[in-house]
């Protein structure tokens, strides 16, 4: 839930465009940290964003990752609409 929410936030605000970043979820989820990585994909203007949430449970580090494709609009293709 936290990973999907942060992924949606970064996509909606265009903050995904930084190659790497991370942070926490504030006072509501103090033990959870997130990090993001953006890598170019095989299509001009398209990148892959992976968001990973990490936390510790029962003495072991756990994590979950979600991935999506994002479009920067800087591709060289032409479109008609």
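Placing a pseudo-label 7 Å from each Cα along the Cα-to-Cβ vector at residue 11 and residue 41 gives an inter-label distance of 1.0 nm. Using the rule -39500 (n - 2.57) for each DSSP H run of four or more residues, divided by the residues of the chain, the 222 nm mean residue ellipticity is -4000 deg cm²/dmol.
Computing mean projected area of the Cα convex hull in nm² directly from the structure and comparing it against [x] 5.2; [y] 6.5; [z] 5.8 singles out [y]. Ordered by the count of other Cβ atoms within 10 Å of each Cβ, fewest first, 6, 33, 20 give 20, 33, 6.
With a simple spin-label model that places each label point 7 Å from the Cα along the Cα-to-Cβ direction, the separation between residue 71 and residue 24 comes to 3.8 nm. Give the angle, between 0 and 90 degrees and rounded to the nearest 10, that separates the Cα long axis of helix 2-12 from the longest principal axis of the Cα atoms of the chain. The angle comes out at about 30 degrees.
FYI, it's all coordinate maths here, none of it is from the lab. What you see is a predicted model, and the numbers here were worked out from it, not measured in a lab. Note that each Cβ is placed from the backbone with ideal geometry, even for glycine, and that neighbours are counted across all protein chains shown.
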